[in-house]
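To keep things clear, I will list the structure first and then write my remarks on it.
Nothing in this text is a laboratory measurement; each read-out follows from the coordinates by a stated rule. Everything numeric in this text was worked out from a predicted model, so none of it was measured. Positions of Cβ are backbone-derived with ideal geometry, glycine not excepted, and every protein chain shown enters the neighbour counts.
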Amino acid sequence: MGGWAIAVHGGAGVDPNLPQQRQEEAKQLLTRCLNLGISALRSNLPAIDVVELVVRELETDPLFNSGRGSALTAKGTVEMEASIMDGCGRRCGAVSGVTTVKNPVSLARLVMERSPHSYLAFSGAEEFARLQGVEVVDNEYFITEENVGMLKLAKEANTIVFDYRIPALGLETCSAVVESPIQMNGLPISVYAPETVGCVVVDSQGRCAAATSTGGLMNKMTGRIGDSPLIGAGTYACNLCGVSCTGEGEAIIRGTLAREVAAVMEYKGLGLQEAVDFVVKERLDEGKAGLIAVSSKGEVACGFNTTGMFRGCATEDGFMEVGIWD
Amino acid sequence: MGWAIALHGGAGDISPSIPPERRQPREAALRHCLQIGVDALKAQKSPLDVVELVVRELENNPHFNAGKGSVLTTEGTVEMEACIMDGKTKKCGAVSGLTTVVNAISLARVVMEKTPHIYLAFDGAEKFAREQGLETVDSSHFITPANIERLKQFKEANRVQIDCAQPVEKDVKKETPTGDGDSPIGTVGCVAVDNDGNLAAATSTGGFVNKMVGRIGDTPIIGAGTYANNLCAVSATGRGEAIIRGTVARDVAALMEFKGLSLKDAAACVVEERVPRDNVGLVAVSAKGEVTMPFNTTGMYRASATEDGYTEFGIWPSVEN
């Protein structure tokens, strides 16, 4: 018991037909991020610094749905959100509607440390970013060709599925569906793959921290906020554990998923893995999601009820694992 | 069993020397809104309808910090947020950054019922409101002279604290009641349960006086300011940052579920132990028709009623507690 531990994720809900090359790229990125976190932990950086560092790396890489490579809104733009929480004192910071800030997770940290508030959004968040002098770029920087293509597919699928005035019929004719019948959030998994990123860490002093970052739902309405920036839903950390979630935002919010893991540990005395299993099994109803968690005792755990979750974890005693499937 | 309803108009440093001309309209509003809620429950309206109805009434009343009468941002504008949750299905809806929508709580309900999303904010939310045909007005409608004055006084008293280059203490910040004894924080909310144990919660607010543009508080965050499931419904008010960190509304339900505490004990535990003094108040009802309204601030505008005829109104702590 004791010692540091770290886990990272790149989203729960993976297309079973994902090309092998893409799977390899994902595993390499996760491995690189884990190693980054491990070096930092070995240099005695506190948990809160490590989660920020690792999530910055995930945001910068265009592979997953955060920072560069974020999913696109219905207008073809990027609106990013992130949150970070320090188990010490349960300090937290969150941002939504970020359009020019290169690393939303770092902006969330600044909200936590340099503003009188916990959560800033849209123009207020952008204004704060400028006051703080963080690195900003054009919105185009975050948009990848791949996601422009995905948006097109999503719109195709969406005109049938998401038009809430019309019952969901005729989906069979959409090309995106023919490839993979698995759906999440009403969209075929080949089009909608959450790929939110997150990191949870416990350092050698037993301090826990968590951070989550995302571009949100492909083809989302402008102004739509998901679970990632909501403390207690997508992110939570306290003196017992650190948790980061990914998957169907609605399910994660209704289930206050991240807080739930900590609550069953605190109020029912469950251990980390038990708590994670309980929450994934009992708190999601028909929702699909996954999460990673660490405990102050140096344990690491993950759980998901989706087809796969991009994840990696490592502990001080030398254990290290990167995976996608069950 | 039996129905129950509780509502609040904000917790904070409400000075006992608040002049009658400030106190009486609020007390009258609490009675009026409680009656509306009670009548609706007696008429078998669903708890979801009841909480929306009552919060709309509170939003329309200029004496509370929601809808008309919302406190102002540091730029003298209004940014409203609200949240509604149906305990039976755990469906929820939330909105933030509204500037022209007359009833934020109704927009939150439309988000819940008419979109695949839970939370819409700022321009996106405003646009959606128009698409859905909700009532919108010029932003000036929500701004009251009292709040213009409140912002001025707050800025004067807090000149030092807005320097964003300095690290800021969040919990320790002292509120500055204005000369007339008004608290700069507050929110409105309502929780209700019907005869069948169906629960609902709704909360609405203008936020925190002099808040940064774009600041989101606890109200629209499920589990922080608002929560309902099959055990209880909770609406919280107070210092948003502390309520978020304490996941207040969810914790009341979690303590009931995981530790078997009663509604009253769970709520008291959260208010007394999970959030620093002077930071929070809440109203809650249970599936069994119980009501509780604890707070750790100087006062909380509140009212409640249960089917067996019990009613309670208050601002400061009850004498018998």
message = If I ask for residues that are within 21 Å of A:Gly216 (Cβ to Cβ) and not in a helix (DSSP H, G or I), which ones from segment A:105-119 would you list?
response = A:Ser118, A:Tyr119
key: Residues located in segment B:241-258, provided they are within 9 Å of chain A (Cβ to nearest Cβ), closer than 25 Å to B:Asp13 by Cβ and without any contact (Cβ under 8 Å) to a residue 40 or more places away in the chain   = B:Ile244, B:Arg245, B:Gly246, B:Thr247, B:Asp251
remark   = Flagged in segment B:213-228 as more than 9 Å from chain A (Cβ to nearest Cβ), in a strand (DSSP E or B) and of a type in the set (Ser, Thr, Tyr), in numbering order, are B:Thr226
request  = Could you tell me whether B:Tyr301 is aromatic (Phe, Trp, Tyr), within 14 Å of chain A (Cβ to nearest Cβ), touching a residue at least 24 places away in the same chain (Cβ under 8 Å) and part of a strand (DSSP E or B)?
outcome  = no
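Yes/no matrix, rows are residues, columns are (1) in contact with a Leu (Cβ under 9 Å, 6 or more places away or on another chain); (2) in contact (Cβ under 8 Å) with a residue 60 or more places away in the chain; (3) at the interface with chain B (Cβ under 9 Å from one of its Cβ atoms):
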| position | (1), (2), (3) |
| --- | --- |
| A:Gly249 | yes, yes, yes |
| A:Ile252 | yes, no, no |
| A:Leu257 | yes, no, no |
| A:Val264 | yes, no, yes |
| A:Tyr267 | yes, no, yes |
| A:Leu272 | yes, no, no |
| A:Val280 | yes, no, no |
| A:Glu286 | no, no, no |
query = Within the group A:Pro104, A:Pro46, which residue is touching a residue at least 40 places away in the same chain (Cβ under 8 Å) and surrounded by fewer than 20 Cβ atoms within 10 Å (Cβ to Cβ)?
reply = A:Pro46
query = If B:Ser318 passes every condition in (1) outside any strand (DSSP E or B); (2) surrounded by 14 or more Cβ atoms within 10 Å (Cβ to Cβ) but one, which one does it miss?
reply = (2)
note = Over segment A:86-101, the set of residues in a strand (DSSP E or B), more than 24 Å from A:Leu151 (Cβ to Cβ) and touching a residue at least 24 places away in the same chain (Cβ under 8 Å) is A:Asp86, A:Cys92, A:Gly93, A:Ala94
query = Taking segment A:185-216, which residues are in contact with a strand residue (DSSP E or B) (Cβ under 7 Å, 6 or more places away or on another chain), among the β-branched types (Val, Ile, Thr) and assigned to a loop (DSSP other than H, G, I, E, B)?
reply = A:Ile189, A:Thr196
message = Looking at A:Ser83 and the list (1) surrounded by 24 or more Cβ atoms within 10 Å (Cβ to Cβ); (2) more than 14 Å from chain B (Cβ to nearest Cβ); (3) not in a helix (DSSP H, G or I), which single condition is not satisfied?
response = (2)
ask   = Within segment A:117-142, how many residues turn out to be more than 7 Å from chain B (Cβ to nearest Cβ), under 17 Å from A:Ile84 (Cα atoms) and within 21 Å of the chain's Cα centre (by Cα)?
value = 0
ask   = From the residues in segment B:114-143 that are hydroxyl-bearing (Ser, Thr, Tyr) and surrounded by fewer than 21 Cβ atoms within 10 Å (Cβ to Cβ), which one is farthest from the other protein chains (Cβ to nearest Cβ)?
value = B:Ser140
remark   = Matching residues in segment B:46-84 (of a type outside the set (Val, Ile, Thr) and within 15 Å of B:Thr237 (Cα to Cα)) number 10
query = Taking the stated definitions as given, is A:Gly11 crowded, with 24+ Cβ neighbours inside 10 Å, on the phi > 0 side of the Ramachandran plot, touching a residue at least 12 places away in the same chain (Cβ under 8 Å) and in contact with a Phe, Trp or Tyr (Cβ under 8 Å, 6 or more places away or on another chain)?
reply = yes
ask   = Pick from segment A:90-116 the residues that are touching a helix residue (DSSP H, G or I) at 6+ places or on another chain (Cβ under 8 Å) and of a type in the set (Gly, Ala, Ser): which of them is farthest from the other protein chains (Cβ to nearest Cβ)?
value = A:Ser106
message = Are there strands (runs of 3 or more DSSP E) fully within segment B:26-128 with at least 1 residues that are closer than 15 Å to B:Thr226 by Cβ and over 18 Å from the mean Cα position of the chain (by Cα)? List them.
response = B:91-98
key: Residues within segment B:304-315 that are surrounded by fewer than 23 Cβ atoms within 10 Å (Cβ to Cβ), assigned to a strand (DSSP E or B) and hydroxyl-bearing (Ser, Thr, Tyr), tallied   = 2
request  = Taking B:Gly133 as meeting all but one of (1) over 30 Å from B:Val193 (Cβ atoms); (2) part of a helix (DSSP H, G or I), write down the number of the exception.
outcome  = (2)
